[in-house]
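Beneath this line is the structure, given in structure tokens, with notes to follow.
The values are calculated or read from the model by the stated rules, or taken from the named source; none is laboratory data. No experiment lies behind these values; they were computed from the predicted model shown. Please note: Cβ atoms are built from the backbone with ideal geometry, for glycine as well, and neighbour counts cover all protein chains shown. Surface areas here come from the heavy atoms of the whole protein model, side chains and all, with no ligands, DNA or RNA. Shrake-Rupley method; radii C 1.70, N 1.55, O 1.52, S 1.80 Å.
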Amino acid sequence: MRSLTLFFSATLLLGTACQGLLDVAPQDQISNEEALSSPEGIQAAMAGAYSTLGESGYYLRAMVAYPELAGHLAPNPDAVSSGDFSGNLATPIVDLRDAHSFALQPTYEDSSLDEFYRVLYILLGRVNNILEALPAVEGLTEAERNSLQGEALALRALAHFDLLRLYAQPYRFTPNAAHPGVVLLDAPLPVTARPARSTVAEGFSLVEADLLQAITLLNSFAQRTTEAVWLTPTAARGLLARIYAYRENWEGVVEQASRVIESGGLALLNPGEYVDTWAQQLPSPEAIWYVDLQRHRNADPSSTGLIFSMARVAGVPEDLEVVPYARVSNDLLSLYGEEDLRRELFIEVGGQAYCRKYSLRPNYVSNFPILRLSELFLLRAEAYAALGQDALAQADYNLIHQRAVDDAPAIGLTGQALRDEIFKERRRELALEGHLLFDLARTGRGVERQDCLPGNLNCSLPFPDFRFVLPIPQSALNANPNLTQNEGY
């Protein structure tokens, strides 16, 4: 990992006030030790780590689109001249088709979904180099050093968590989560190392430990601007609440989600602002942490091309001649009643439905919210329901649902019926934000779709099934004899 370029897209997330921090030589011209020996170098390295979140194989597109193909998205027949997906197609169409059909194989080459493994381990390499170098960097205050360490630990936790979601069966899959997880990197990887996969339990333990430490270390230095693009203790707590839900640590979900909800500075959008905030890409008071993708693209104002982002997958096209690669499925649209204001986020263009959370226009990319306050209310509702505290679960559910559905009666469901309804509300509220397949797997639900491509033999997929996780890329297996493939591939 030491040979990985440390300053890839180092300007992402940094405004003009931070430009002086980036006046360092490229990684291929100086050693890691020299690059990471100064406050300016370590800051540039941190910017490079944040920038990894905006790669096309991560939150720019693939990490958002892939899980939504399990019931919220379908390949768009209008993106293929004949409407026939069986022929020789462009790579983006092939990737979407095969993910939609659960037909991915480890031998794929040039697949955007094969990028997950590479990008996530690049991120781990970057943050581990930062963590190793930080103690020796002179010129940093104690608060600055602590906060940089906290940011690196939180990013490391996110990378390991996303690897576990992609390549390992969910926590509840075996007793004590003893089934294969992923290779864990808690330090720079020596060139000759060939590590084996740890268990899922070990992976989640490392993720939890990193986030708990990050929460104690992060401070105001991490907030280099007032925007929610930097990791904060609140963002780390929000991630921890989500991770506790994957472990079914419901008491932990309640504790961490409540700390976020009560932290101050955050507020749910009111109904009158909800649709316009999304459709016009306005700052949202409920954004806990987002990836500032657009600022990175503004570095190239002369470009008139379409960025291969989530908007290119299913965003509303500004130019009617541009056809997104996927469309919003009828399975998702059917979850909204006519009175649900969130239905307004999906509009029909040329006979297909697209999502207004993402706007498809030249040289533009919609910023992606990794964490929103509404998710924390729904996570807490889910936890309360699992703990048998139905009244508290109903209150959190009602807060989100009644915002979207004017005059909706308060929910009176209890037990499993309440839990099922909270799950549906997650689908309605967090649609096309990268959750569906992972939520199905962690809750033990199968994929149930009506709106599939013709000939899709896996339109319905009961849980458990090996196809709920991706295959380990064949290139990684070839490079490391100690790696094992996921069962079924």
Taking 7 Å along the Cα-to-C-beta vector as the label spot, tell me the Val322-Asp186 distance in nanometres, rounded to one decimal. 4.5 nm
According to a simple spin-label model (label point 7 Å from Cα along Cα-to-Cβ), what is the distance in nm between Ser475 and Glu132? 2.2 nm
What whole-number distance in Å separates the alpha-carbon centres of segment 238-255 and segment 142-208? 16 Å
Relative contact order of segment 282-440, pairs being alpha-carbon contacts under 8 Å that are 6 or more residues apart, as %: 26 percent
Around Phe102 (Cβ within 12 Å, Cβ-to-Cβ, excluding Phe102; K/R +1, D/E -1) the net charge comes to +1
With no solvent and one point per C-alpha, what does the Debye sum give as log10 I(q)/I(0) for segment 429-489 at q = 0.19, 0.29 Å⁻¹? -0.86, -1.18
From the C-alpha gyration tensor of segment 156-248, square roots of 5λ in Å: 26, 17, 10
Listed by chain and number, the residues whose amide H is under 5 Å from that of Tyr358, excluding neighbours fewer than 5 places away on the same chain and using placed H, are Val316
With all protein chains present, calculate the accessible area of Glu273 using a 1.4 Å probe and round the result to the nearest 10 Å². 90 Å²
Counting only C-alpha contacts under 8 Å and six or more residues apart, can you give the relative contact order of the chain as a whole percent? 19 percent
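Among 394-405, 458-469, how do they line up from the highest to the lowest mean number of other beta-carbon atoms within 10 Å?
394-405, 458-469
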Please list, by residue number, everything in segment 56-72 whose backbone N is under 14 Å from a paramagnetic label point 7 Å out along Cα→Cβ of Thr91. 56-58, 62
Applied in sequence order to segment 272-283, the curve 6.51 cos²θ - 1.76 cosθ + 1.60 (Karplus, θ = phi - 60°) yields integer Hz couplings, x standing for Gly and Pro, of x, 9, 4, 5, 5, 4, 5, 5, 9, 6, 8, x
Between Asp84 and Gln223, what length in nm is gained on full extension when 0.36 nm per residue of separation is reduced by their alpha carbon distance? 45.1 nm
Ala267/Glu142 FRET efficiency (R0 35 Å; Cβ-Cβ; nearest 0.05): 0.60
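What number results when the radius of gyration of the chain, computed over Cα atoms, is divided by 2.2 N^0.38 Å?
Working: Rg = 21.8 Å, N = 489, 2.2 N^0.38 = 23.1 Å.
For the chain, the normalised Cα radius of gyration comes out at 0.94.
Quick one: length gained pulling Arg172 to Lys424 fully straight, 0.36 nm per residue minus the C-alpha distance?
On the way: separation 252, 0.36 × 252 = 90.72 nm, distance 2.08 nm.
Roughly 88.6 nm would be gained on extension.
Ranked from highest to lowest mean number of other Cβ atoms within 10 Å per residue, what is the order of the peptides 471-481, 71-81?
Working: 471-481: 16.0, 71-81: 21.2.
With the highest mean Cβ count within 10 Å placed first, the list reads 71-81, 471-481.
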Please state the equivalent ellipsoid semi-axes for segment 304-396: what are the square roots of 5 times the Cα gyration tensor eigenvalues, largest first, in whole Å? 33, 16, 9
List every residue whose amide H lies under 5 Å from the amide H of Ala353, counting only residues 5 or more places away in sequence or on a different chain, with H placed 1.01 Å from N in the peptide plane. Val328
Apply 1/(1 + (r/R0)^6) to the Cβ-Cβ distance of Ser334 and Asn363, taking R0 = 41 Å, and write down the FRET efficiency to the nearest 0.05. 0.75
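Can you pull the percent of Cα pairs in segment 342-471 with separation above 16 Å?
Values: 5930 of 8385 pairs.
Of all Cα-Cα distances in segment 342-471, 71 percent exceed 16 Å.
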Okay, helix-only estimate at 222 nm for the chain: each DSSP H run of n ≥ 4 adds -39500 (n - 2.57), divide by all residues, round to 500 deg cm²/dmol; what do you get? -13000 deg cm²/dmol
Span from the segment 345-375 Cα centroid across to the segment 436-489 one, whole angstrom: 26 Å
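For segment 40-108, how big is Rg over Rh, using alpha carbon atoms and the Kirkwood form of Rh? Kindly include the intermediate steps, with their values, before the conclusion.
Values: Rg = 16.2 Å, Rh = 14.1 Å.
Ratio of gyration radius to Kirkwood radius for segment 40-108: 1.15.
State the extension gain, in nm to one decimal, for the chain segment bounded by Asn482 and Glu344, taking 0.36 nm per residue of separation less the distance between their alpha-carbons.
Values: separation 138, 0.36 × 138 = 49.68 nm, distance 5.00 nm.
Gain in length upon complete extension: 44.7 nm.
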Given H placed 1.01 Å from N in the peptide plane, which residues other than close sequence neighbours of Arg197 have an amide H under 5 Å from its amide H? Thr484
